[in-house]
Amino acid sequence: MSTQRGDKLLRSRRTKRDRLVEQGIDPYPPRFRRTHTTSEAAAALAASEAAAGEAPFAVVAGRLSRMRGMGKVTFADIGDQDGRLQLFVRKDAVGDGYALLDEIDLGDFVGASGTMMRTKTGEPSLAVTELTMLAKAMRPPPEKFHGLRDIEQRYRQRYLDLISSREVHETMRARSRIVSAIRRFLDGRGFLEVDTPVLVPVPAGAMAQPFVTQHLALDRQLYLRIATELYLKRLIVGGMDKVYEIGRVFRNEGVDADHNPEFTLLESYEAYADYNDVMAMVETLVPQVAQEALGATTVSFEGQEIRLAAPWLRISLHDAVKEYADVELDDYPTAESLAARMREADVPAPYAESRGRLIDKLVGTFVEPKLVQPSFLVDYPVEMSPLAKSSPADPRYAERFEAFAAGMEIANSFTELNDPDVQRQRFEEQEALRKRYQGEELDRMDEDFLIALEHGMPPTGGLGIGIDRLVMLLTGQSTIRDVLLFPQVRSAGDA
């Protein structure tokens, strides 16, 4: 829309608002009591018809999305969170109130009362007897048939996206149902939902770059948390045997189809469990949540049918890299030797990367795309898993799994390392790697956590699930920005 045309529309709407004021009509009244949402009004009509009863009276409200006049009758559509309802406005039914239609524009919020009816075409409608202006919109809504063509604008001005797209509403409602179902699942298993700090003195518990902030009163540098893990495990030390948190975490990383600098993470910890117990819980949780929230345990993602029901495939990371990348990890015990082998496979692998980071590249390049149906990739090299307990069968590997579906990681789990001396050694190794491979994402020493661990932590199984990615999978959205109401985007003036 040109600036000139936009200014003209704005002036026209302000003029109409002023005329309403002159008529003694408040264009922004403080309250309005509705009796039904749009879908409830339609349902009430259907129920009365089925019972051969009297047509129901209803008071509804919503944003005006369409209006067309036919002589002394005007048809108008209003929408609310539940859906859309047609208003049938006859001049002889509303009397002087019919003149209000001259001051109403698309995008305005209106209230209407009357009796429900069905038109000749069978559409449920409200035969209006009273019409009320609720909020005069100064700017027009997105054009119906063109919507928001600027993808960045869709996310930057999400309210416009919601106005123009019912699909966005449905995705966000599905997200809410999914999160609620997860809570019910964990609550039903005796887990306690807790809150842990967002501002932390040490950004530990994951391999990620933090956001830095300053606490003025304490004159102290703090960080936005990159994970909730170490605080939740402190609670296990304190005797809370089953805990979980669903909350925002923050990682100073790029933005792509499945990454956003702030995202929602579920982490749970269960004493006297290991990663096998957690695997069984995950392959029960995901299909149960899908069934409860969406009514099915099979979903479609980018044209592929994903079957969520247990059992899920289990494959060791070692075997998967051997099968899909043709690399025998045990033959390449150093970063230098593995990098040389990877270059033979045309995978970028400079020497200035740790062996764990190189293995992660192999998995991302060759293995993840193959894991379309829900799968557990199990037993990771210890250098990739500093917070996980080593496998008794082979101490070079840790009792860790990541869950994948549609080629995307959705969960991560450890048998938690609870030996404080070994954990200290692992942290020290991470700090040494940080000095050697500057700029690489590595975990950090957390002395306070080590002190907590020295008080004793029972055997524990931990789990992390990326809520946003799980919602992507279950709702068939191919980018994380479509399951977040307010994703990070470029500033309006950026190229």
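The values are calculated or read from the model by the stated rules, or taken from the named source; none is laboratory data. Keep in mind that this is a model prediction, so the values were computed, not measured. Don't worry about glycine lacking a Cβ; one is built from the backbone with ideal geometry, like all the others, and counts go over all protein chains shown. These accessible areas exclude ligands, DNA and RNA; they are computed on the full protein's heavy atoms, side chains included. Shrake-Rupley method; radii C 1.70, N 1.55, O 1.52, S 1.80 Å.
Projecting the Cα atoms of PHE366, LEU131, PRO381 onto the charge dipole of the chain (Cβ charges, centred on the Cα centre) puts LEU131 farthest toward the positive pole. Within the accessible surface of region 42-183, defined with a 1.4 Å probe on protein heavy atoms only, the carbon and sulfur portion equals 54 percent.
Given their separation in residues at 0.36 nm each and the Cα-Cα distance between them, ASP346 and SER316 gain 8.5 nm when the chain is fully extended.
Measuring spread by the Cα atoms of region 110-179 yields a radius of gyration and Dmax of 16.5, 42 Å. Each peptide in 173-180, 224-231 was scored by the mean count of other Cβ atoms within 10 Å over its residues; highest first, the order is 224-231, 173-180.
Once neighbouring chains are kept in place and the probe is 1.4 Å, which whole percent of the accessible area of region 320-413 is contributed by carbon and sulfur? After summing per-atom areas, the C and S share lands at 50 percent. For GLU302 and ARG31, the difference between the fully extended length at 0.36 nm per residue and the C-alpha to C-alpha distance is 93.1 nm.
Calculated from DSSP H runs of 4 or more alone, at -39500 (n - 2.57) each and per residue, what is the 222 nm mean residue ellipticity of the chain, nearest 500? Only helices count here, giving -10000 deg cm²/dmol.
Over all other residues within a Cβ to Cβ distance under 11 Å of VAL202, the charged ones net out to -2, with Lys and Arg as +1 and Asp and Glu as -1.
Carbon-plus-sulfur accessible fraction, region 449-495 (probe radius 1.4 Å, protein heavy atoms only): 52%.
With all protein chains kept in place, the per residue accessible area of the chain amounts to 48 square angstrom at a probe of 1.4 angstrom.
Along the Cα-to-Cβ line of GLN373, 7 Å from the Cα, sits a label point; which residues in region 404-420 have backbone N less than 16 Å from it? What the label zone holds, given the 16 Å backbone N cut-off, is 404-408. Phi-derived couplings, Karplus 6.51 cos²θ - 1.76 cosθ + 1.60 at θ = phi - 60°, listed residue by residue for region 158-171: 4, 4, 5, 4, 5, 5, 8, 10, 5, 4, 4, 4, 5, 5 Hz, with x used for Gly and Pro. Considering only lysines 8 or more places apart in sequence, or on different chains, count the pairs in the chain whose C-alpha atoms sit under 15 Å apart. For the chain, the number of qualifying lysine pairs is 8. Along the axis of the charge dipole computed for the chain (Cβ charges of +1 for Lys and Arg, -1 for Asp and Glu, origin at the Cα centre), the listed residues GLN4, THR284, TYR269 are led at the positive end by GLN4. With each label modelled as a point 7 angstrom along the Cα→C-beta vector, the ARG183-GLN4 pair spans 5.3 nm. Of the options (i) 67; (ii) 55; (iii) 63, only one is percent of Cα pairs over 28 Å apart as computed from these coordinates, and that is (iii).
If I stretch the segment between ASP277 and ASP331 completely, what's the gain in nm (0.36 nm per residue apart, minus their alpha carbon distance), one decimal? Result for the pair: 16.3 nm of gain on full extension.
This model, with +1 at the C-beta of Lys and Arg and -1 at the C-beta of Asp and Glu, gives region 206-252 a dipole about its Cα centre of some 60 debye. Computed from the C-beta positions of SER48 and THR213 and an R0 of 56 Å, the FRET efficiency is 0.45 to the nearest 0.05. Built from the Cα atoms of region 364-495, the convex hull projects on average onto 11.6 nm², one quarter of its surface area. Can you check what the net charge comes to around TYR269, using other residues whose Cβ is under 11 Å from the Cβ of TYR269 (Lys, Arg +1; Asp, Glu -1)? Cβ neighbours under 11 Å give a net charge of -3.
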